[in-house]
1. What are the residues in the stretch 108-125 that are in contact with a Lys or Arg (Cβ under 9 Å, 6 or more places away or on another chain) and not in a helix (DSSP H, G or I), if any?
2. In the stretch 53-75, is there at least one residue being open to solvent by 50 Å² or more (accessible area, probe 1.4 Å), in a helix (DSSP H, G or I), of a type in the set (D, E, K, R) and within 28 Å of PHE173 (Cβ to Cβ)?
3. I'd like the full set of residues that are charged (D, E, K, R), out of contact with any Asp or Glu (no Cβ under 9 Å at 6 or more places or on another chain) and under 19 Å from ILE166 (Cα atoms), limited to the stretch 48-90.
4. Is it true that LYS2 is open to solvent by 50 Å² or more (accessible area, probe 1.4 Å), within 23 Å of ILE166 (Cα to Cα) and of a type outside the set (Asp, Glu)?
5. Could you tell me how many of the residues in the stretch 88-107 are acidic (Asp, Glu), closer than 21 Å to VAL186 by Cα and either open to solvent by 20 Å² or more (accessible area, probe 1.4 Å) or in a loop (DSSP other than H, G, I, E, B) (or both)?
6. Would it be correct to say that TYR3 is touching a strand residue (DSSP E or B) at 6+ places or on another chain (Cβ under 6 Å), among the hydroxyl-bearing types (Ser, Thr, Tyr) and touching a residue at least 24 places away in the same chain (Cβ under 8 Å)?
7. Are there any pairs, at least 6 apart or on different chains, whose C-beta atoms fall under 6 Å, with the first in the stretch 186-206 and among the aromatic types (Phe, Trp, Tyr) and the second surrounded by 15 or more Cβ atoms within 10 Å (Cβ to Cβ), and if so, which?
8. Looking only at the stretch 108-133, which residues are surrounded by fewer than 18 Cβ atoms within 10 Å (Cβ to Cβ), basic (Lys, Arg) and closer than 19 Å to LYS193 by Cα?
Amino acid sequence: MKYSTVIVAAGSGTRMHLGYNKVYAPLADGRTVLEHTMDVFLQDEDCVQIIVVTDAYEYKEKITGRWPGKILIAKGGASRQESVANGLMAVLADYVLIHDGARPFLEKETLETIKKTLETEDAVLPAVACKDTIKRVEDGCIAETYRRETLCAAQTPQAFRTSVIISCMEKAFAEGYTGTDDCSLVERYSDTKIRVVEGSYANIKITTPEDLKS
């Protein structure tokens with residue numbers, strides 16, 4: 001199954017206190033977070049197109065590798081949702097995987113599970129079971145304790161039939177709605193069932209300086 005990938009990498013790195021986009025921070029081997037993030041898709045023959053949503057000048061300065069014909073740069077938006085929409089406009093394949101640029105540890109096994117599930121489903125979410133008890137807090141006090149066995153932590157790449165996610169994205173912008181992730185748009189604007197598959201605890205999102213030491 002052929003697919004396109006949209007890698008959302010247009011952040012500013014404010015929470016990391018780097019002074020630049022965290023996807024261009026080096027990991028232990030000296031290569032950037034973004035280079036690691038792209039690797040699994042560059043090595044997959046089923047991935048026909050990688051759309052990196054980021055600043056083109058910064059990409060050219062920090063990324064030394066060149067992959068003619070497979071990588072396209074799209075401009076970031078004012079929000080993650082706008083950045084995803086910009087990337088989707090360049091998608092050519094019937095299926096698209098939308099991945100966080102700051103998740104450099106996606107395992108091939110997880111990717112293959114997502115692809116296999118897309119053969120029968122129009123939307124797929126990798127997720128892991130919550131390890132901690134989750135509380136809802138109001139005014140500094142516990143308002144509710146959720147049943148942990150019913151909760152999971154959503155990861156990326158979130159995968160869709162391209163026409164489904166584009167339709168939902170258009171409806172969200174028309175209504176002025178901003179979702180918490182890409183699947184939330186499909187939940188709100190479509191009857192499409194989102195199949196949950198097992199993700200990996202290794203597939204973390206780089207959020208703090210400590211994560212760069214992974």
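The values are calculated or read from the model by the stated rules, or taken from the named source; none is laboratory data. Remember, predicted model here, so these are calculated numbers, not experimental data. All Cβ positions, glycine included, derive from the backbone under ideal geometry; neighbour counts span all protein chains shown. The accessibility values were calculated without ligands, DNA or RNA, using every heavy atom of the protein model including side chains. Shrake-Rupley method; radii C 1.70, N 1.55, O 1.52, S 1.80 Å.
1. Within the stretch 108-125, THR120, GLU121, ASP122, ALA123, VAL124, LEU125 qualify.
2. No, the conditions are met nowhere in the stretch 53-75.
3. The answer is GLU82, and nothing else.
4. It is true that LYS2 is open to solvent by 50 Å² or more (accessible area, probe 1.4 Å), within 23 Å of ILE166 (Cα to Cα) and of a type outside the set (Asp, Glu).
5. So the count comes out to 1.
6. yes
7. TYR189/CYS168; TYR201/VAL128
8. LYS116
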